[in-house]
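The values are calculated or read from the model by the stated rules, or taken from the named source; none is laboratory data. If you're wondering where the values come from, they're calculated on a predicted model, not measured in any experiment. With ideal geometry, Cβ positions are generated from the backbone for all residues, glycine too; neighbour counts draw on all protein chains shown. The area values use the complete protein model at the heavy-atom level, side chains included, leaving out ligands, DNA and RNA. Shrake-Rupley method; radii C 1.70, N 1.55, O 1.52, S 1.80 Å.
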Amino acid sequence: QVQLVESGGGLVQAGDSLRLSCAASGRTFSTYAMGWFRQAPGKEREFVAAIRWSGGSAYYADSVKGRFTISRDNAQNTVALQMNSLKPEDTAVYYCAADPRGSVYFGKNYYSWGQGTQVTVSS
């Protein structure tokens, strides 16, 4: 079992940057992939980004490609999501997820989830 705690959310203006972090504990961090998902009010949860255990491969939703960067530090047991050029439509609760079995794009494949952190982008 993996425990996840997100941090770094907040209220920013359009065009600003924000960095989310997720700290993991439990199983050996370097053995599983990590992902970020988000859920806006009234909408379904959606995939944002994911990264393989080695950090060698990263995956992004089209809506964030070129603006967001996912990274991990296996020595610190953390994964980060650097969000640049934020838009009002990026407003959502962002969730960190761990250890997907199967495709990294689908939330149902992840075994562990954090509690979420709110990101609000004002126009």
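Restricting region 76-123 to residues that are in contact with a helix residue (DSSP H, G or I) (Cβ under 9 Å, 6 or more places away or on another chain) and among the small types (Gly, Ala, Ser) leaves a set whose member that is farthest from PHE37 (Cα to Cα) is SER123.
Screening TRP53 with (1) part of a strand (DSSP E or B); (2) open to solvent by 10 Å² or more (accessible area, probe 1.4 Å) gives one miss only, at (1). Within this structure, ARG72 fails the test of being within 18 Å of VAL119 (Cα to Cα), assigned to a strand (DSSP E or B) and open to solvent by 10 Å² or more (accessible area, probe 1.4 Å). The set of residues from region 6-39 being surrounded by 14 or more Cβ atoms within 10 Å (Cβ to Cβ), among the aliphatic types (A, V, I, L, M) and assigned to a strand (DSSP E or B) comprises VAL12, LEU18, LEU20, ALA23, ALA24, MET34.
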